[in-house]
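Okay, structure first, notes after.
The values are calculated or read from the model by the stated rules, or taken from the named source; none is laboratory data. Just so we're clear, the structure is a prediction, and the values are computed from it rather than from any experiment. Neighbour counts run over all protein chains shown; Cβ positions are idealised from the backbone, glycine included.
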Amino acid sequence: MSHDTLPRPTTTDKRPERRRPEGLRRRRHWTRHANPLAGLGSIIWLVIVLVPIYAMLSASLTGPDKALTGNPLKPPTDPTLDNYNTVLNSGFWHLLSNTVIVAVTVVGIVLVLCVPLAYVAVRTRTRWSGAAFRLFLLGVAIPAQAVVVPLYLLIAKLDLYDSLLAVILPTAAFAMPVSVLVLTGTLRDISEDLYEAMALDGASPLRMLFQLTIPLAKGGISTVVIYAALQAWNGFLFPLIFTQSDEPRVLTLGLFNFVSQFGVNIPALLASVVLSGIPIFAVYLVARRALIGGLMGVGGK
Amino acid sequence: MSSTVTSGGERVQRGKVRAGRPGAVWALPAVLFFTFFAVVPMALAFYLSFTKWDGLGDPKPVGLANWQKLLDDPRLTQSLTLTVLLTAASWAFQTVVALLLGVWAAGRQRNRAVLSAIFFVPFLLSSTAISVLFYALLDPNFGIIQKDTLGSSSGAFLAIVFVGGWQFIPFHTLIYQGGARQIPPVLYQAAAIDGAGRYRQFFSITLPQLRHTITTSTVLIVVGSLTYFETVLILTKGGPGTDTAILPYLMYEAGFKTYDFGYASAIASALVLAATGLSLILIRLTGFGGMRSTREGM
């Protein structure tokens, strides 16, 4: 039994080890006996996850005339896409394109500002760069809700009220602290020797940033892209308070307005929730591994 | 920008130690941007809390009136208690479920991978979408439970805890899954040789080994519980009565419903004080802010 422990792979990448014989042996250890309690628990959670999703999909396919009679767990008798048409014709594409604009711009701002900052925080050890880093460390604790009144004042003074920029700028600012933490964490892993080698070749800091730091920090950068995009995509408070008209309205606020607009038309309301989730779900299907890896990075592990 | 580049470039010739180091000026755009949109507003919130301002014209200084009003407001105590209860209940619910699911999902059979992928789906919807979904599913006429869940004080509270858990448990499960995969299997093998059963192994190996993961997840739950604003606004509007009016919701009502921005700023300042205090304590206790590499465990 004791030699069982010898060929233990220490790599952090889980995929290759799965195919190796010692991986097989390990697997047998983990699951030597079925664990009925864990199995039961996971089935209970499966039900808790799936029932609302099922109820949402099924109700969104129910005609409005039948919606108030039945319970949402019954499958729809004659499914219809009418609710989806209603939502798509209520300005959904406009909401979607606004949200995409906000998400892309926020990611751009965060990358352009945070990558050089993290680069400086890791590469130089002056008092100023340390102070800059600590400013963002403290910034993690600032809840967006707490500054929304003075931001409202600033946005109004800047004459940005009721524009997409009014949503973009604060959203980008509040995505920065975690982004800086993730980026400095990644940049710290790049060996100083590589920089010295490039410095001996006479490379400028700018060239090092583009030819060494950014290529080697791809993991951290993609984490930041995903994190900032999700923040922008799901943001609610800033759009709620800094915009008013239809023109700069984003998806989350559109959903909120559908609650009063569709009132008792709950099937249409649920169709709008389904539609709002489809873009992220599509990204999930295509980039599951990157998304999950990125989010584990946000977890700080 | 270009002048910084040359000044940095000149340094290359000066000596090996400072060779090719970027100037601190590179950090300036980020610092200025963040200062303007996050730090200045925080200071401004404190200033506004000593003024009376209805959103039009200029704020007028009124001294401590708003703070006096806040301390006399019975909703403040209720709101603080509620925030603490909500955080505690969310922590208990999310930690227990996510820890068990995460440890279970760290195993390696095929059905676990498929189930983990399904379990993750709620996290893909925004808080707003999830709140709207449960608003519909908890509707007394339409919903799954044909009862006025949100109309009762305890029902509304439990609904918020449940909806928050439904959304965030997938994320915390992911964190625990990553943590559990890093526990060296040799520990379990040694315990098995010593005759420890599955549950003994869980309590004597898995839990202690996951302590850092538990603190990370706890910090995120505690800080995140302040963001239940959407859920409260959409599901309960703070009701019934004021029974689910958490601090951010009180602030929103004072500011953007009754246009008493001075008072709203006092509530916001209290929120900043509470959040900063809490975060500093958590950072001190857990070393969460330490400059650890984020790459380990990915």
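Residues in the range A:34-70 that are at pLDDT below 85 and either in contact with a Lys or Arg (Cβ under 6 Å, 6 or more places away or on another chain) or under 28 Å from B:Trp104 (Cα atoms) (or both): A:Ala34, A:Asn35, A:Pro36, A:Leu37, A:Ala38, A:Gly39. Assessment of the range B:35-46 against the conditions (over 25 Å from A:Arg134 (Cα atoms), at pLDDT 90 or above and within 9 Å of chain A (Cβ to nearest Cβ)) yields no matching residue.
The residues of the range A:262-286 that are surrounded by fewer than 21 Cβ atoms within 10 Å (Cβ to Cβ) and either at pLDDT below 80 or of a type in the set (Asp, Glu) (or both), listed by number, are A:Gly263, A:Val264. Determine, yes or no, whether A:Thr99 is buried (at least 17 other Cβ atoms within 10 Å of the Cβ), under 25 Å from the mean Cα position of the chain (by Cα) and either touching a residue at least 12 places away in the same chain (Cβ under 8 Å) or facing chain B (nearest Cβ under 9 Å) (or both). Spelling it out, A:Thr99 is indeed buried (at least 17 other Cβ atoms within 10 Å of the Cβ), under 25 Å from the mean Cα position of the chain (by Cα) and either touching a residue at least 12 places away in the same chain (Cβ under 8 Å) or facing chain B (nearest Cβ under 9 Å) (or both). Where the second residue is buried (at least 21 other Cβ atoms within 10 Å of the Cβ) and among the acidic types (Asp, Glu) and the first is at the interface with chain B (Cβ under 9 Å from one of its Cβ atoms) and lies in the range A:232-260, which pairs have Cβ atoms under 7 Å and are six or more apart or on separate chains? That search, which allows pairs on different chains as well, returns A:Phe236/B:Glu230. In this structure, B:Ala113 does satisfy being of a type outside the set (D, E, K, R) and at pLDDT below 90. The number of residues in the range B:182-210 being among the acidic types (Asp, Glu) and at the interface with chain A (Cβ under 8 Å from one of its Cβ atoms) comes to 0. Whenever a residue of the range A:192-203 is touching a residue at least 60 places away in the same chain (Cβ under 8 Å) and at the interface with another protein chain (Cβ under 7 Å from one of its Cβ atoms), its partners that are surrounded by 12 or more Cβ atoms within 10 Å (Cβ to Cβ) and outside any helix (DSSP H, G or I), lying with C-beta atoms within less than 7 angstrom and at least six residues away or across chains, give the pairs A:Tyr195/B:Gly20. The residues listed here are B:Leu80, B:Leu76, B:Leu137, B:Leu133; of these, the one that is in contact with a Pro (Cβ under 8 Å, 6 or more places away or on another chain), under 26 Å from B:Lys237 (Cβ atoms) and modelled with pLDDT under 90 is B:Leu137.
Here A:Tyr161, A:Tyr195 are screened, and the one residue that is closer than 27 Å to B:Ala254 by Cβ and either out of contact with any Asp or Glu (no Cβ under 9 Å at 6 or more places or on another chain) or not hydroxyl-bearing (Ser, Thr, Tyr) (or both) is A:Tyr161. Any residue at all in the range A:103-110 that's among the small types (Gly, Ala, Ser), modelled with pLDDT under 90 and farther than 30 Å from B:Phe142 by Cβ? No, the range A:103-110 contains no residue that is among the small types (Gly, Ala, Ser), modelled with pLDDT under 90 and farther than 30 Å from B:Phe142 by Cβ. If you take the residues in the range A:206-218 that are out of contact with any Gly (no Cβ under 9 Å at 6 or more places or on another chain), assigned to a helix (DSSP H, G or I) and more than 8 Å from chain B (Cβ to nearest Cβ), which one is surrounded by the most Cβ atoms within 10 Å (Cβ to Cβ)? The selected residue is A:Thr213. Count of the range B:152-170 residues, restricted to those that are away from every other protein chain (no Cβ under 13 Å) and of a type in the set (A, V, I, L, M, F, W, C), is 5.
When B:Phe256 is tested against (1) farther than 20 Å from B:Gln78 by Cα; (2) hydrophobic (A, V, I, L, M, F, W, C); (3) crowded, with 21+ Cβ neighbours inside 10 Å, only condition (3) is not met.
Those helices (runs of 4 or more DSSP H) of the range A:114-189 in which 2 or more residues are out of contact with any Ser or Thr (no Cβ under 8 Å at 6 or more places or on another chain), aromatic (Phe, Trp, Tyr) and without any contact (Cβ under 8 Å) to a residue 60 or more places away in the chain occupy A:127-139. Sort out which residues of the range B:233-281 are farther than 18 Å from A:Phe256 by Cβ, in a helix (DSSP H, G or I) and among the hydroxyl-bearing types (Ser, Thr, Tyr), and write them in order of number. Residues satisfying the conditions are B:Tyr263, B:Ser265, B:Ser269, B:Thr276, B:Ser279. Among the residues making up the range A:178-205, a single one is surrounded by fewer than 20 Cβ atoms within 10 Å (Cβ to Cβ), under 27 Å from A:Gly139 (Cβ atoms) and among the aliphatic types (A, V, I, L, M): A:Ile190. Screening B:Val121 against (1) of a type outside the set (Phe, Trp, Tyr); (2) buried (at least 17 other Cβ atoms within 10 Å of the Cβ); (3) out of contact with any Asp or Glu (no Cβ under 8 Å at 6 or more places or on another chain) leaves a single unmet condition, (2). Taken over the range B:109-137, the criterion of being more than 7 Å from chain A (Cβ to nearest Cβ), of a type in the set (Gly, Ala, Ser) and closer than 25 Å to B:Gly151 by Cβ is satisfied by B:Ser131 alone.
Among the residues of the range A:237-259, those identified as closer than 22 Å to A:Val273 by Cβ and either among the aliphatic types (A, V, I, L, M) or not in a helix (DSSP H, G or I) (or both) are A:Leu237, A:Leu240, A:Thr243, A:Asp246, A:Pro248, A:Arg249, A:Val250, A:Leu251, A:Leu253, A:Leu255, A:Val259.
Pairs meeting the criteria (first residue in the range B:186-197 and farther than 16 Å from B:Gln209 by Cα and modelled with pLDDT under 90, second residue assigned to a helix (DSSP H, G or I) and of a type in the set (S, T, N, Q), beta carbons under 7 Å, at least 6 apart or on different chains) are B:Ala196/B:Ser204.
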